[in-house]
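Derivation of every value follows stated rules applied to the coordinates shown; laboratory data play no part. No experiment lies behind these values; they were computed from the predicted model shown. We place every Cβ from the backbone using ideal geometry, glycine too, and count neighbours over all the protein chains shown.
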Amino acid sequence: MKKPFIFLAALAGMALVVWGGWHYSQRGKDQGLVFHGNVDIRQISLAFDGSGRVKQLNVQEGERVKTGATLGMLDTQTTALQADQARAQIEVQRQSLLRLRNGARPQEIAQASSRLLARQADAARAEKDLARLQSIAANTQGRGVSAQDLDRARSSVQVAQAQVTELQQALRLIQEGPRKEEIAMAEAQLKASQAQLALLRHQIDLGELKSPVDAVIRSRLLEPGDMATPQRPVFALALLQPKWVRIYVDETRLGRLSPGMEARVVTDSHPDQALTGRVGYISSVAEFTPKSVQTEELRTSLVYEVRVQIEDPRDMLRLGQPATVHLAADAAR
């Protein structure tokens, strides 16, 4: 009686073992590959492009900011005053250039012509005086006019003629207008002043610190009153996209992964809300398992870094958050 009972018990035990092994293997196939890692995102150290004292900061840690949002400002009062001075100088140079381009006014030409006519009349009178003295000297054999008077009369004629020539040249210059070189030089000076004003305006614009992307303020590193430079970050920004889970895969399972493979990502804070993702970067260089994911079995094992890109439209994931990655069984074969 005992032998059949023992035989049946042994047969039942064997069936149970076989069923357990089959169920375990099927469960492993259904689950596919499972990895544990941490959420990672890109970060930006944001600093002012210029140097100066921080005037105000508009955001705090944890706030979301949009692309182009003004996060802070420098004190740019000195630069603004320099810009005002440059604008005034530009207006002066613009008026000078306009005067050169327009040339002399009709009234100025008429004034120069009148001066020339007056000098020509003086020259004609001086010539008549010299001719009269010379006639007197000829009729009196030199006794009626002294040599000094004749010399003075000749000098007056020469001076008058020189003044007439000078005024003729001056009138011609007024009529012709300024030289092309003078206009070109005035234009160049105006452009240089305009460039200086543009530089000052750019420096004023650099006094505003704007967000280059949609992000979350992770750290606020300076406060109003601090001196800022391009080498001193003001904020640390955490980008909203992309996000990925960094996992480490041993060599025995590395061959079952390929870029683009679909994945499900689950976190302890939302175990019932799996996020979709895909295998992205797969490292080509082996490394020792990082301490953050070490186990007693893997402490000396070489693993490969893999990044699983995640779609997180509801912004559920946070930097460094532990996550579990499930790869589909059929895709992991």
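Our coupling estimate for the range 180-197, obtained by passing each phi through the Karplus curve with A = 6.51, B = -1.76, C = 1.60 and θ = phi - 60°, is 4, 5, 5, 5, 5, 5, 5, 5, 5, 5, 5, 5, 5, 5, 5, 5, 5, 5 Hz, Gly and Pro reported as x. On the beta carbon distance between residue 91 and residue 146, with R0 = 45 Å, the FRET formula returns roughly 0.10.
Take the Cα of residue 80, step 7 Å toward its Cβ, do the same at residue 58, and the gap between the two points is 1.6 nm.
What ranking of 129, 272 emerges when the number of other C-beta atoms within 10 Å of each C-beta is taken as an exposure proxy, fewest first? Can you show the working numbers first?
Numbers: 129 15, 272 5.
Taking fewest neighbouring Cβ atoms as first place, the list is 272, 129.
For residue 235, the amide hydrogen comes within under 5 Å of the amide hydrogens of 46, 221, counting only partners 5 or more places away or on other chains and with H modelled in the peptide plane. Counting other Cβ atoms within 10 Å as a rough exposure proxy, the listed residues 174, 109 run 109, 174 from fewest neighbours to most.
Taking θ as phi - 60° and the Karplus parameters 6.51, -1.76 and 1.60, the scalar couplings of the range 44-58 work out to 10, 9, 9, 10, 5, 6, x, 10, x, 8, 5, 8, 7, 10, 9 Hz in sequence order, x denoting glycine and proline.
With point charges of +1 on the Cβ of Lys and Arg and -1 on the Cβ of Asp and Glu, referenced to the Cα centre of the range 114-223, which listed residue (165, 211, 120) lies farthest in the positive direction of the dipole? Working it through, the farthest residue towards the positive pole turns out to be 120.
Computed from label points 7 Å out along Cα-Cβ, the spacing between residue 154 and residue 272 is 12.7 nm. Remark: 191, 180 ranked as 180, 191, counting other beta-carbon atoms within 10 Å and listing the fewest first. Modelled label positions at residue 128 and residue 109, each set 7 Å beyond Cα in the direction of Cβ, lie 3.1 nm from each other.
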